[in-house]
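Please read the structure below before turning to the comments.
The values are calculated or read from the model by the stated rules, or taken from the named source; none is laboratory data. Since we're looking at a predicted model, the values are computed, not measured. A quick note on method: Cβ atoms are made from the backbone with ideal geometry, for glycine too, and the neighbour counts reach across all protein chains shown.
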């Protein structure tokens, strides 16, 4: 029983990491209606910037705040300069292809500007673990869960209770009506990309103590984050958190109790989850079906 409990805690700890990046994926989808395959590399680039600032002597918290601001500015600039020329509200495929190229470009750029070595970044949370009997619960996992839960609630409030969030939703759900109401869709998309990049930068900084800082630090995590967003629903912040926790627990349990899977085939768990969800409930656990007026 103690082994099961420890694996459950380990799975929830991993799930917090997946949920943190899944929130950024959900944010850019809610704000722009498309998927950003370069979300992990944009977050990685900002994490390298945070590491560089701490290497220059900056305290960790101000460095993270600077990285979040840089992420917002960079995300907004990417939308304006790279995404907007190929954007078409009727077809998102060109944008997805461009983000794939952006993934490769940022990966190379980070290695050239910073380093190709593996670096470490401190944690804003206390070290050590909370002992519940023989089960260890890391303080970093508790802190990460509190932060992503707060961010999930903030995202829900923004999209449902603020003029900015409602305008962003309207510009995606019904662009023509939004324009008639005076909503500048181009501005909403730019803000959405910037906010998603800022959230990704924060998520990368929070998970960097576990993943370390290197050019591919979030590539594996991004796959699980997409799985979490698929399971929870791409338009649900709460779904991203719940999906991330479920994927983390499922991955840990399958790796621990299914002998032939182990750590080498753990990515197969994510693939199976995506296929099952798309077959049984394509909108995810908390997603809303797409309804259109005929």
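Looking only at region 154-168, filter to residues that are free of Cβ contacts under 8 Å to residues at least 60 places away in the same chain and surrounded by fewer than 18 Cβ atoms within 10 Å (Cβ to Cβ); which one of those is farthest from the chain's Cα centre (by Cα)?
Of the residues in region 154-168, the ones free of Cβ contacts under 8 Å to residues at least 60 places away in the same chain are 154, 157-158, 160-167.
Going one step further and asking which of them are surrounded by fewer than 18 Cβ atoms within 10 Å (Cβ to Cβ), we end up with 154, 157, 160-164, 166.
Working: 154: 15, 157: 18, 160: 20, 161: 22, 162: 22, 163: 24, 164: 21, 166: 21 Å.
Filtering first and then ranking leaves 163.
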Original post:
Which of the residues that make up region 174-222 are in contact with a strand residue (DSSP E or B) (Cβ under 8 Å, 6 or more places away or on another chain) and closer than 14 Å to residue 123 by Cα?
Top reply: 212, 213
**OP:** Considering (1) touching a helix residue (DSSP H, G or I) at 6+ places or on another chain (Cβ under 9 Å); (2) farther than 27 Å from residue 52 by Cβ, say which one residue 127 fails and leave the rest.
**Re:** (2)
Original post:
Filtering region 236-261 down to residues that are more than 13 Å from the chain's Cα centre (by Cα) and outside any helix (DSSP H, G or I), which residue is nearest to residue 200 (Cα to Cα)?
Top reply: 261
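Scan region 189-212 and tell me whether some residue there is more than 25 Å from residue 79 (Cα to Cα), assigned to a helix (DSSP H, G or I) and either in contact with a helix residue (DSSP H, G or I) (Cβ under 6 Å, 6 or more places away or on another chain) or modelled with pLDDT of 90 or more (or both).
Filtering region 189-212 down to residues more than 25 Å from residue 79 (Cα to Cα) leaves 207-212.
Still in the list and also assigned to a helix (DSSP H, G or I): 207-211.
Filter once more, so that each one left must be either in contact with a helix residue (DSSP H, G or I) (Cβ under 6 Å, 6 or more places away or on another chain) or modelled with pLDDT of 90 or more (or both): 207-208.
Yes, region 189-212 contains a residue that is more than 25 Å from residue 79 (Cα to Cα), assigned to a helix (DSSP H, G or I) and either in contact with a helix residue (DSSP H, G or I) (Cβ under 6 Å, 6 or more places away or on another chain) or modelled with pLDDT of 90 or more (or both).
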**OP:** Sort out which residues of region 169-196 are touching a residue at least 40 places away in the same chain (Cβ under 8 Å) and within 28 Å of residue 65 (Cβ to Cβ), and write them in order of number.
**Re:** 169, 186, 188, 189, 190, 191, 192, 193, 194, 195, 196
Subject >> Among the candidates 88, 117, residue that is exposed (fewer than 15 other Cβ atoms within 10 Å of the Cβ) and at pLDDT below 90 >> reply: 88
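Provide a single number: the residues in region 55-78 that are over 22 Å from residue 20 (Cα atoms) and touching a helix residue (DSSP H, G or I) at 6+ places or on another chain (Cβ under 8 Å).
Restricting attention to region 55-78, the residues satisfying the condition of being over 22 Å from residue 20 (Cα atoms) are 55-59, 77.
Those left that are additionally touching a helix residue (DSSP H, G or I) at 6+ places or on another chain (Cβ under 8 Å): 58.
Of the residues in region 55-78, 1 are over 22 Å from residue 20 (Cα atoms) and touching a helix residue (DSSP H, G or I) at 6+ places or on another chain (Cβ under 8 Å).
Per-residue answers, yes or no, for (1) touching a residue at least 40 places away in the same chain (Cβ under 8 Å); (2) more than 23 Å from residue 187 (Cα to Cα); (3) in contact with a strand residue (DSSP E or B) (Cβ under 8 Å, 6 or more places away or on another chain):
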position: 2; (1), (2), (3): yes, yes, yes
position: 9; (1), (2), (3): yes, yes, yes
position: 15; (1), (2), (3): yes, yes, no
position: 36; (1), (2), (3): yes, no, no
position: 45; (1), (2), (3): yes, yes, no
position: 57; (1), (2), (3): no, yes, no
position: 62; (1), (2), (3): no, yes, no
position: 68; (1), (2), (3): yes, no, no
**OP:** Say whether the condition of being assigned to a helix (DSSP H, G or I) and in contact (Cβ under 8 Å) with a residue 12 or more places away in the chain is met by at least one residue in region 116-137.
**Re:** no
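Looking only at region 167-188, count how many residues are part of a helix (DSSP H, G or I), within 18 Å of residue 76 (Cα to Cα) and touching a helix residue (DSSP H, G or I) at 6+ places or on another chain (Cβ under 8 Å). Break it down into steps so the answer makes sense when it comes.
Keep residues of region 167-188 that are part of a helix (DSSP H, G or I), which gives 167-173, 175-180, 185-188.
Among the residues that remain, those that are also within 18 Å of residue 76 (Cα to Cα) are: 167-169, 171-172, 185-188.
Narrowing the set further to residues that are touching a helix residue (DSSP H, G or I) at 6+ places or on another chain (Cβ under 8 Å) leaves 167-169, 171-172, 185-186, 188.
Matching residues across region 167-188 total 8.
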Original post:
Out of (1) surrounded by fewer than 24 Cβ atoms within 10 Å (Cβ to Cβ); (2) under 23 Å from residue 230 (Cα atoms); (3) out of contact with any strand residue (DSSP E or B) (no Cβ under 7 Å at 6 or more places or on another chain), the odd one out for residue 73 is which?
Top reply: (2)
Original post:
If we keep just the residues of region 29-59 that are at pLDDT below 85 and in a helix (DSSP H, G or I), which is surrounded by the fewest Cβ atoms within 10 Å (Cβ to Cβ)?
Top reply: 30
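Residues to consider are 100, 144, 164, 93; find the one that is farther than 30 Å from residue 4 by Cβ and touching a helix residue (DSSP H, G or I) at 6+ places or on another chain (Cβ under 9 Å).
Working: 100 fails: touching a helix residue (DSSP H, G or I) at 6+ places or on another chain (Cβ under 9 Å); 144 fails: farther than 30 Å from residue 4 by Cβ; 93 fails: touching a helix residue (DSSP H, G or I) at 6+ places or on another chain (Cβ under 9 Å).
Being farther than 30 Å from residue 4 by Cβ and touching a helix residue (DSSP H, G or I) at 6+ places or on another chain (Cβ under 9 Å) holds for just one of 100, 144, 164, 93, which is 164.
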